[in-house]
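The values are calculated or read from the model by the stated rules, or taken from the named source; none is laboratory data. Not measured: the values here are computed from a predicted model. Positions of Cβ are generated from backbone atoms using ideal geometry, with glycine treated the same way; all protein chains shown enter the neighbour counts.
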Amino acid sequence: MARYVQARRSPAIQAARRLLRHRMALIGGVILFVLGAAAILAPALSPQNPLAVDLSRKLLPGFWDPAGSRQFPLGTDELGRDVFSRVLYGGRISLLAGIGTTVLATLAGLLIGSISLFSTRADTIAMRSLDILFAFPPLLLAMAVVAVLGAGLSNAVLAITLVDAPRMARVVRGQMLSVKSQEYMEAARAIGVSNIRMLFRHALPNVIPLVIVYSSLLIGRAILTIAGLGFLGLGARPPTPEWGAMLSQSRDLMLLGAWLPVALPGIAILLSVLGFNMMGDALRDSLDPRLQ
Amino acid sequence: MLRYALRQLAYLPMVLLGASLLIFLLLRALPGDPAALLAGEWATEEQVVRVRQQLHLDEPLYVQYVAWLGDLLRGNLGRSFRNGELVSTEVAARLPATVELAVPALVLGVAAGLVLGLLAATFRGTWWDNGVMVLSLAGIAVPVFWMGLMLIMLFSVKLTWLPLGGRFPAEGALTGPTGFLVLDGILAGRPAYAWDAARHLVLPVITLALFPMATVARVTRSSLLEVLQQDYIRTARAKGLARVPVLMRHALRNALIPVVTIVGISIGPLVGGAVLTETVYGWPGLGRYVVAVVIGRDFPAVQALVLFAALLFATANVLVDLSYALIDPRIRFE
């Protein structure tokens, strides 16, 4: 029995070992750790209140400039708000929105994708209906949903969930179908295992690795799209320090030579998407050694 | 091949019909009365009723839907809530600007991506390879709009080599046969105008080309690396063929299928990227129009534009499917 348990656990442990040795996982992990820590610790790390407006100190340069101040290490924006504090707090919003969107889309995708295990007809109907959602370019579908619900961060999250869920559903379904044809599924059915048990005990464990890989790639895209909607004025509303919205509010400052309020939120988006994508690639390599 | 093509094409209208129903119901599900919105703030009750009748908003949903479909098939995309203009007129006025931006961007992105991926695979493990990989990772992760702003800052604000944004040279718009300013400038025998229009295009095209370039480079590299390990490549080299012909004729062609797939997949992001790029550069195309009508909640226009985008997008996807058959003869006979 002990040997059986060991043998069953080893693929996960092997995958974890491969992940730890993976160079991309290391870089991506460090990036995500730093960004995540900065977002969580934002109240402790921020020198200023991110929403505090003071026009008397607008467009201060960074601390290295003689005119700058240690209290506003990376300068201030057009309303005198501390850029560093805003980028830190922005991480809470952008990262959480990206992860939240992906969690919702993944749950919906698992639900829809699992249909294929039980009913061919229901699966066909579900997939043909999803084809309709695939007919829209992703950002435009999200924009149409925002047009209906109204601009705002939570509506943007819902809109992107609607865009991403069908993609996850297709991935889940593909894997479900390949699992379904395996002998152990046939054996389970033959000895009268219930549908629910079959799904949770036999099918899902074989689908989850792929879902983890795909959702880590979806998080990066979700962060980009939320920032894009924010930039277009369709996502988070001012004065919320969301990275995309910050960029759009500060864009004209470039002409005045103040580039930090524009550059920093963009670098933060770039790094977080990079971190999640590298992690996703590394996870794919470690969970599926055949792909290496 | 013909049957395969026909089956793909036959499926397209069904998907579009579904898409039209979805977008129709989506926009009917919203709270508020479009008739009151359109009649204006100071309209009397009778005026609102009259507008409602004119727009057929008082009829059952399925009647409205069928009427809308009929209009669409006749090329009538409806009238904008905001200014009463025909949406089709507004689209036609802006389409050339978007095409002039998006087509060169896609061509540039795919071409540059192929070259970079080829170089990376050929010089696997060298700094060339690493550089291309880092570039493509960054190209996928970078926000389009931020890249646009940074390019403006460098090339327009600091170096002042290129215009800050917009599409038109100082002389203003040029009415020509194609609607593409560079082409019309050349046709009209005004090279200076064409040159100025082209200068306005440089940064937006580069910005929009970045994502397809990054994805194509990445997929070309990994696909080529796989093909280069095949026995027939070793055979070709062993019988004395030179490196370059083997690479171009034997390897690249077989490596192209995943590349075509990724080009197909990047059309969706390209549409989204065009919306963001046009907004960053103040490019007067369809992308900026979509943003304006979504913010203004101009529903007939939103409805028509999103469906129009779905038509282009779904057609492009079918074309991608068909191009597999062109590249890979095996698919034709399946």
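Of note:
- Of all residues in the range A:121-154 being in contact (Cβ under 8 Å) with a residue 60 or more places away in the chain and more than 10 Å from chain B (Cβ to nearest Cβ), the one that is farthest from A:GLY220 (Cα to Cα): A:GLY152
- Selection status of B:ALA238, assigned by TED's automatic domain parsing to the domain that holds B:LEU119 and either buried (at least 20 other Cβ atoms within 10 Å of the Cβ) or touching a His at 6+ places or on another chain (Cβ under 6 Å) (or both): no
- Filter pass, B:PRO212 being within 30 Å of B:VAL244 (Cα to Cα), surrounded by 20 or more Cβ atoms within 10 Å (Cβ to Cβ) and of a type outside the set (A, V, I, L, M, F, W, C): yes
- Qualifying residues in the range A:237-273 (those that are at pLDDT below 85 and among the small types (Gly, Ala, Ser)) - the one farthest from A:GLY91 (Cα to Cα): A:GLY257
- Screening A:GLN48 on (1) polar (S, T, N, Q); (2) in contact with a Phe, Trp or Tyr (Cβ under 9 Å, 6 or more places away or on another chain); (3) outside any loop (DSSP other than H, G, I, E, B) shows it passes everything except condition (3).
- Checking each residue in the range B:163-189 for being over 22 Å from B:LEU151 (Cα atoms) and of a type in the set (A, V, I, L, M) picks out B:ALA173, B:LEU174, B:LEU181, B:LEU183, B:ILE186, B:LEU187, B:ALA188.
- Number of the condition not met by A:GLY113 [criteria: (1) in contact with a Lys or Arg (Cβ under 7 Å, 6 or more places away or on another chain); (2) of a type outside the set (Lys, Arg); (3) modelled with pLDDT of 95 or more]: (3)
- Looking across the range B:153-175, the residues that are surrounded by 18 or more Cβ atoms within 10 Å (Cβ to Cβ) and of a type outside the set (A, V, I, L, M, F, W, C) come down to B:SER156, B:PRO163, B:ARG167, B:PRO169.
- For beta carbons closer than 9 Å, sequence separation of 6+ or different chains, a first residue in the range A:248-277 that is closer than 24 Å to B:LEU159 by Cα and at the interface with chain B (Cβ under 10 Å from one of its Cβ atoms) and a second that is crowded, with 21+ Cβ neighbours inside 10 Å and polar (S, T, N, Q), the qualifying pairs are A:SER248/B:THR279; A:VAL262/A:SER250; A:PRO265/A:SER94; A:PRO265/A:SER250.
- Total residues in the range A:115-129 satisfying the condition of being surrounded by fewer than 21 Cβ atoms within 10 Å (Cβ to Cβ) and under 9 Å from A:ARG173 (Cβ atoms): the figure is 4.
- If the condition is being at positive phi and more than 8 Å from every other protein chain (Cβ to nearest Cβ), then the range B:275-297 contributes only B:GLY282.
- Hey, B:THR207 of a type outside the set (Asp, Glu) and under 30 Å from A:LEU224 (Cβ atoms) or not: yes
- Only a single item in (1) within 14 Å of chain A (Cβ to nearest Cβ); (2) surrounded by 14 or more Cβ atoms within 10 Å (Cβ to Cβ) is not met by B:ASN76, and it is number (1).
- Qualifying residue in the range B:274-289 (condition: assigned to a helix (DSSP H, G or I), surrounded by fewer than 17 Cβ atoms within 10 Å (Cβ to Cβ) and within 26 Å of the chain's Cα centre (by Cα)): no
- Within the set A:LEU271, A:LEU283, A:LEU247, the sole residue that is more than 19 Å from the chain's Cα centre (by Cα), aliphatic (A, V, I, L, M) and on the phi < 0 side of the Ramachandran plot turns out to be A:LEU247.
- Any helices (runs of 4 or more DSSP H) falling wholly within the range B:73-185 and containing at least 1 residues that are assigned by TED's automatic domain parsing to the domain that holds B:LEU305 and either more than 19 Å from B:GLU278 (Cα to Cα) or over 25 Å from the mean Cα position of the chain (by Cα) (or both): B:87-122, B:127-141
- Matching residues, the range B:312-329, being of a type in the set (Phe, Trp, Tyr) and under 14 Å from the mean Cα position of the chain (by Cα): B:PHE313
- Members of the range B:290-330 found to be touching a Gly at 6+ places or on another chain (Cβ under 9 Å) and either surrounded by fewer than 20 Cβ atoms within 10 Å (Cβ to Cβ) or not assigned by TED's automatic domain parsing to the domain that holds B:VAL260 (or both), listed by number: B:VAL291, B:ILE295, B:ALA316, B:ASN317, B:LEU319, B:VAL320, B:ASP321, B:SER323
- Here B:GLY172 clears all of (1) within 12 Å of chain A (Cβ to nearest Cβ); (2) more than 24 Å from A:ALA222 (Cβ to Cβ); (3) small (Gly, Ala, Ser) except the condition numbered (1).
- Set A:ALA188, A:ALA165, A:ALA144, A:ALA169: member being aliphatic (A, V, I, L, M) and surrounded by fewer than 20 Cβ atoms within 10 Å (Cβ to Cβ): A:ALA188
- First in the range B:21-39 and at pLDDT below 80, second anywhere and surrounded by 13 or more Cβ atoms within 10 Å (Cβ to Cβ) and part of a loop (DSSP other than H, G, I, E, B), Cβ under 6 Å, 6 or more apart: B:ALA35/B:LEU57; B:LEU38/B:PHE81
- Test for A:LEU217: is it more than 8 Å from chain B (Cβ to nearest Cβ), farther than 20 Å from A:ALA159 by Cβ and either touching a residue at least 24 places away in the same chain (Cβ under 8 Å) or of a type in the set (D, E, K, R) (or both): no
- Number of the condition not met by A:ILE93 [criteria: (1) touching a residue at least 60 places away in the same chain (Cβ under 8 Å); (2) within 14 Å of another protein chain (Cβ to nearest Cβ)]: (2)
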